[in-house]
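Inspection log for the structure reproduced underneath, given as structure tokens.
The values are calculated or read from the model by the stated rules, or taken from the named source; none is laboratory data. If you're wondering where the values come from, they're calculated on a predicted model, not measured in any experiment. Cβ atoms come from the backbone with ideal geometry, glycine included; neighbour counts cover every protein chain shown. All accessible areas refer to the heavy atoms of the entire protein, side chains included, with ligands and DNA or RNA removed. Shrake-Rupley method; radii C 1.70, N 1.55, O 1.52, S 1.80 Å.
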Amino acid sequence: MSSSVDDQNSTVYHIERGSQGTLMKISDFNLWYGKSQALFSVNMEIERGLVTALIGPSGCGKSTLLRSINRMNDLIDGLTIKGKMTIDDQDIYSSVVDVIALRKVMGMVFQKPNPFPMSIADNVTYPLKVDGVRDRRILNETVEKALKGAALWEEVKDRLKENALGLSGGQQQRLCIARAIAGDPEVLLMDEPCSALDPVATAKIEDLIDALRGKYSIVIVTHNMQQAARVSDNTAFMYLGKLIEYGETSIIFTNPKVDKTMEYVTGRFG
Amino acid sequence: MEFNEPGKGQQILADTDGNVITQASTSRQRSTVWDFKARGEPFVWSLGAALAIGVLMIVGFVALILYNGILTFYPRPIEVVELRGGDRIAGDLIRSETFLPGTDNVADPDSSAKTIIDNKGLSKRSLLRTGNFDLYNDDFKWVFDDEIVSKHFPKDILFIERLEWGPFIGSAKSMDLNGQIIEGANLSTDGLEKAQDEARSRRLRIYEIERTEIASINHYLEKARLALRKVELRHGLESPEYKAELEKYKAETETLNAQYQELASEAAAIKQMDSRFTVNLEDVNGKPKTLPISQITRLFTPNNLSFTERAWVYLSRWYEFLTQEPREANTEGGVMPAIFGTFCMTVLMALGVAPFGVVAALYLKEYAKQGKLVSLIRICVNNLAGVPSIVYGVFGLGFFAYVLGGSIDQLFYPERLPTPTFGSGGLLWASLTLALLTVPVVIVATEEALAAVPQSMREGSLACGASKWQTIKWIVLPRALPGIMTGLILAMARGAEEVAPLMLVGVVKLAPELPIDSFFPFVHFERSFMHLGFHIFDLGFQSRNSEAAIPMVYVTTLLLITLVFAMNIASIIIRNRLKRKFFTGHF
Ligand SMILES: Nc1ncnc2c1ncn2[C@@H]1O[C@H](COP(=O)(O)OP(=O)(O)OP(=O)(O)O)[C@@H](O)[C@H]1O
Ligand SMILES: [Mg+2]
């Protein structure tokens, strides 16, 4: 509790190392939307197979950081970045990287469920369709596997040909998770996946994240402190575009090293 | 915060640090009275009134068209009026009006004067459709009320619709069936109708000979001539190929001409036969008229019709109107070629405008870098919608028909020159011209539809590793389809009722052939065609007899509106199907 944000620009680290090593390294990463800077010199390592939570007050750059990982921000005009981000020692922002191939390594789940206006089965197999897979057998297998993986199979197995927009909000979000894991990615990026859901559906998704631990490396943005505490192994606290503290979830929530983190997790601001 | 000395003209507020803030009190009165202005009620009313006026105008217009259009074919009673001079006039009442008579339109000034004075100088007159154009040289007559001696509705008066000269109103005296005379006493409408049935089959045979068999002989003659001309163009007049072809041509034309002679004499024989079956008619003034029975298309006694007979006349007139070709400078017969032409042109136009507009909008919205240039293009596209349509017609004629069509003729149909094939207005060029005219509508609608596709859908697709093109193809376009359809519906509605440019690029008053027939290649995009919109214009403003054309104008307008309405309904149903697919669901 010795450091304060203003006089010190460096992050405090105490992360838990996973058994599978480090997946991603983010070093000195800066990002500008036009003239305004949204990320300031972020340094971060993401462990393979663990669940990493991003927390922080609204507008602090969590989504920005998450979307930088699979380069969704490329769509935005006037974006500039500086710094480095690697996955398996490969530079994500190198000019030789194929963005499309990169995105296939990462599944993404958005804040609001965004199933496509097609059948449930077609939604799940969309990443395969993109890859040009036409084999019925493989497609059917994937549907079942991904829906089971997203704990949705039992509820929809009889209506796979029905329009996905007919599902409930929670089911839609699990369908989106199924879609994200259908392409067999290594990383799952989740931007507030439960914010549009009721407690029951939220609990289901949390159970799901727990079950996916170890198989995928998961990065999840959340506003829900309890959720971060429940599902994640490491937690990163961001504030005003800076990474303040990054470490073991239990420490962040019980005994953080930085005052600002303490204030935030105890609900004094944010 | 604490209050100090409340209730004064000034309120003194103190913040947490004890600093006193002085605030001017505006002492605003809160009224519990219903605030008329704030609720915006007057504006709601005026908006409602504006809407009501708009709806009223549309409803009124449609009602007018419907009323006149639907009643046109209803058989009306024939009244026979006796005038002071002893003349009689028979006809059905078109309308009556009150007017200020001048000396020239009062037949007998002395006796009429009293009634006119009684009516404060006004008099009444009625317009009767009298028919019998061949006898009196006009088929509508004004009858002045004060000239009428008596008026009655004879039960046995006949209304005869014929192929030429418009209707005949009068009575039948006798019938001559190839020498067998049936006198008036034994003559009934049933007997006439029976003879008419036989005559009809003869007429159909003549039609078949002239329009199908002789037409096909002409077609082959022309084909042979073109083949010869082709060889001439390729090898020259002196070449052995030409000589060989010439022999062939001569042989072919000889057999064709022989066939033609045969058919022509058969037709002549039937016509000869036809002229021996006649009916002797007489109008109300006793003027005789002998009419070949084959000329009669429909006959009935309008003052003595049962309900079913009335319905039969009504429906059979509609049937004739919808399925027959026009006669008598388009004022009689049907409009089938015009319906067909309008339909073909609209469908072709939609097929032309849809891909063009959608592709343009896709590029503008999804691929082009949004900047000054794109904005400029967008403004230009929007302004295109404001260019007078006749300008498109001029462009269509100049560019499509003369430049494009001219080149096509030179490349592919040199043997037909100087007769143009694609080098003059036709179905294809008219459709393309209208496609050009309506493309701004489709572009704007498509751009809007694309913009309405939620960003989250695109992101979801991209996050799955889809390329931009895949995202557009599988996510954006299907989702935007209902909006695109809306644009297309608007374009079709606009295009189907456009007339001005069509007059330049291929619509004609009377097209000799339909754009689809039994001769290879079956669909003839280069042919000129008839169009309901132009038909209305032609009837209303170009016909010899405007009074006779008025009901046809209403009926044709009704038909055009119905046709466009039907096409729109069809597309709306398709669109709603799509919508149901993409916009169901709940959160
Ligand atoms: N497309 C954009 N263009 C310009 N500025 C942006 C854009 N997206 C985000 N920003 C800005 O970047 C900053 C970080 O935004 P970001 O969405 O990453 O915040 P966040 O932490 O995800 O907040 P929240 O918890 O509310 O989702 C904000 O100040 C935001 O206004
Ligand atoms: Mg966010």
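Flag: B:Lys509 does not match the condition of being within 14 Å of chain A (Cβ to nearest Cβ) and surrounded by fewer than 20 Cβ atoms within 10 Å (Cβ to Cβ). Selection of the range B:338-351 for residues being open to solvent by less than 10 Å² (accessible area, probe 1.4 Å) and in contact with a strand residue (DSSP E or B) (Cβ under 9 Å, 6 or more places away or on another chain) yields B:Ala338, B:Gly341, B:Thr342, B:Met345.
Pairing residues of the range A:45-61 that are at positive phi with residues that are modelled with pLDDT of 90 or more and within 9 Å of ligand 2 (Cβ to nearest atom), at Cβ distances under 8 Å and at least 6 apart in sequence or on separate chains, gives A:Gly56/A:Lys62. Taken together, B:Thr255, B:Thr297 contain a single residue that is in contact with a Leu (Cβ under 8 Å, 6 or more places away or on another chain) and not acidic (Asp, Glu), which is B:Thr297. Would you mind telling me which numbered condition in (1) outside any loop (DSSP other than H, G, I, E, B); (2) more than 16 Å from ligand 1 (Cβ to nearest atom); (3) open to solvent by less than 20 Å² (accessible area, probe 1.4 Å); (4) away from chain B (no Cβ under 14 Å) A:Gly49 fails? The one condition A:Gly49 does not meet is (1). Within the range B:383-392, the set of residues being part of a helix (DSSP H, G or I), open to solvent by 40 Å² or more (accessible area, probe 1.4 Å) and at pLDDT 85 or above comprises B:Asn383, B:Ile390, B:Val391. Here is the figure for the range A:21-39: residues that are within 11 Å of ligand 1 (Cβ to nearest atom), open to solvent by 10 Å² or more (accessible area, probe 1.4 Å) and touching a strand residue (DSSP E or B) at 6+ places or on another chain (Cβ under 6 Å) total 2. Taken over the range A:165-186, the residue count meeting the criterion of being assigned to a helix (DSSP H, G or I) and either under 25 Å from A:Val219 (Cβ atoms) or away from chain B (no Cβ under 11 Å) (or both) is 14. Taking the criterion of being more than 13 Å from ligand 1 (Cβ to nearest atom), open to solvent by 10 Å² or more (accessible area, probe 1.4 Å) and within 20 Å of B:Gln470 (Cβ to Cβ), the residues of the range A:61-107 that qualify are A:Arg71, A:Val97, A:Asp98, A:Val99, A:Ile100, A:Ala101, A:Leu102, A:Arg103, A:Lys104, A:Val105. The set of residues from the range A:56-76 being in contact with a strand residue (DSSP E or B) (Cβ under 7 Å, 6 or more places away or on another chain), within 10 Å of ligand 2 (Cβ to nearest atom) and of a type in the set (Ser, Thr, Tyr) comprises A:Ser63, A:Thr64. One residue alone among B:Thr72, B:Thr16, B:Thr103 is touching a Pro at 6+ places or on another chain (Cβ under 7 Å), hydroxyl-bearing (Ser, Thr, Tyr) and modelled with pLDDT under 70, and that residue is B:Thr103.
To keep it simple, each residue is scored yes or no on (1) crowded, with 23+ Cβ neighbours inside 10 Å; (2) within 14 Å of chain A (Cβ to nearest Cβ); (3) modelled with pLDDT of 90 or more.
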site	(1), (2), (3)
B:Val394	no, no, yes
B:Leu404	no, no, no
B:Tyr413	no, no, no
B:Leu417	no, no, no
B:Gly425	yes, no, no
B:Ala435	yes, no, yes
B:Val442	yes, no, yes
B:Leu450	no, no, yes
B:Glu459	no, yes, yes
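Of the residues in the range B:317-337, at least one is under 30 Å from B:Val441 (Cα atoms) and assigned to a helix (DSSP H, G or I).
Residues A:Asp233, A:Asp184, A:Asp210, A:Asp191: which one is charged (D, E, K, R) and within 16 Å of ligand 1 (Cβ to nearest atom)? One residue alone meets the criteria, A:Asp191.
Between B:Leu204, B:Leu221, the distinction of being surrounded by 15 or more Cβ atoms within 10 Å (Cβ to Cβ) and either at positive phi or aliphatic (A, V, I, L, M) (or both) belongs to B:Leu221 only. The set of residues in the range A:206-227 that are under 16 Å from A:Leu50 (Cα atoms) and either out of contact with any Ser or Thr (no Cβ under 9 Å at 6 or more places or on another chain) or surrounded by fewer than 18 Cβ atoms within 10 Å (Cβ to Cβ) (or both) comprises A:Glu206, A:Asp207, A:Leu208, A:Asp210, A:Ala211, A:Leu212, A:Arg213, A:Gly214, A:Lys215, A:Tyr216. For the range A:189-237, a residue qualifies if it is of a type in the set (Gly, Ala, Ser), over 24 Å from A:Trp153 (Cβ atoms) and either within 16 Å of ligand 2 (Cβ to nearest atom) or in a helix (DSSP H, G or I) (or both), and the qualifying residues are A:Ser195, A:Ala228, A:Ala229, A:Ala236. B:Gln455 falls short on exactly one of the conditions (1) within 36 Å of the chain's Cα centre (by Cα); (2) within 11 Å of chain A (Cβ to nearest Cβ); (3) not aromatic (Phe, Trp, Tyr), and that condition is (1). Scanning the range A:101-135 for residues that are within 9 Å of another protein chain (Cβ to nearest Cβ) and among the acidic types (Asp, Glu) returns a single hit, A:Asp131.
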